[in-house]
Amino acid sequence: MWDSIRDGRQCWFRRLDWAFWAIWVAFPVTAWMAYRANTTASLAIAQSLDAEQAKCAGLIANPLNMSGPGKLLFWTLFGLQLSFFAVLIGILHRMVHRFAHGRIFVSETLQGVWWMGIILVFWPFLDAIASNAVAFALHAIGDTKFYLPFYTVDVGTIAGGVFLMALKFVIEHAILLQSENDLTI
């Protein structure tokens with residue numbers, strides 16, 4: 001019975017491993033969709049409004065029409081935000097790949113959980129600072145017509161990171177208990 005449950009779980013982890021490969025294949029498509037959404041936002045909004053209201057859609061900056069430094073700033077922030085998701089997907093995929101090969105309670109799992117927690121705790125602050133700095137710089141350069149700072153951070157993401165950091169200690173304790181159990185005859 002135990003072997004069939006273990007084999008069933010391994011099968012699910014192998015399926016999840018394949019699903020992560022599908023996510024990696026779809027990642028460039030998702031990046032392209034984000035690029036298109038950023039470069040066609042003002043046009044899409046203008047098409048949904050009547051003629052008088054469509055003039056307001058011009059307030060939305062198009063990164064393709066920005067100056068050289070503005071494009072550099074905008075696309076650097078865009079790349080930073082995409083890399084956040086790529087790093088998280090990478091850490092999760094490595095963990096699931098280990099699980100699919102029967103390596104669950106190992107130190108690499110602890111490192112993955114710890115780094116995911118650290119990233120999730122600090123990312124909202126880093127993103128808010130970088131986004132506000134880029135928005136201010138774009139306004140100062142003249143690529144955007146207004147500067148509207150935001151002072152919020154995603155508390156749910158921070159809480160998830162703190163949870164993962166605490167989970168690291170629970171897993172560490174489970175590994176210790178397992179090693180003590182393995183030494184007991």
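In the context of the full set of protein chains, residues of the chain present 66 Å² of accessible surface per residue (probe radius 1.4 Å, heavy atoms only). Computed over the chain, the P(r) curve from all C-alpha pair distances, binned at 10 Å from the origin, holds 8, 23, 28, 19, 13, 7, 2, 0, 0 percent per bin. Local charge for Phe84 was computed over the other residues whose Cβ lies under 14 Å away, with Lys and Arg +1 and Asp and Glu -1, and equals -2.
I need the helices of the chain that pass two filters: whole DSSP H segments spanning 18 Å or more by Cα along the axis, and mean Kyte-Doolittle score no lower than 0.0.
On the way: long enough: 2-39 (54 Å, -0.16); 68-100 (46 Å, 1.06); 107-141 (48 Å, 1.21); 155-183 (42 Å, 1.06).
What comes out of the filter, once short or polar helices are dropped, is 68-100, 107-141, 155-183.
Hull volume per residue, based on the alpha-carbon atoms of region 59-113 and their convex hull, is 99 Å³.
For every other residue with a beta carbon closer than 15 angstrom to the beta carbon of Val96, add +1 if it is Lys or Arg and -1 if Asp or Glu, then tell me the sum. For residues surrounding Val96, the net value is +4.
Relative contact order for the chain: what is it in percent, counting Cα pairs under 8 Å that are at least 6 residues apart?
On the way: 136 pairs, mean separation 43.1, N = 185.
The normalised contact order for the chain reaches 23 percent.
Within the accessible area of region 101-167, the carbon and sulfur atoms contribute 74%, probe 1.4 Å, all protein chains present.
The values are calculated or read from the model by the stated rules, or taken from the named source; none is laboratory data. If you're wondering where the values come from, they're calculated on a predicted model, not measured in any experiment. With ideal geometry, Cβ positions are generated from the backbone for all residues, glycine too; neighbour counts draw on all protein chains shown. These area figures cover heavy atoms from the full protein model, side chains too; ligands, DNA and RNA do not enter into them. Shrake-Rupley method; radii C 1.70, N 1.55, O 1.52, S 1.80 Å.
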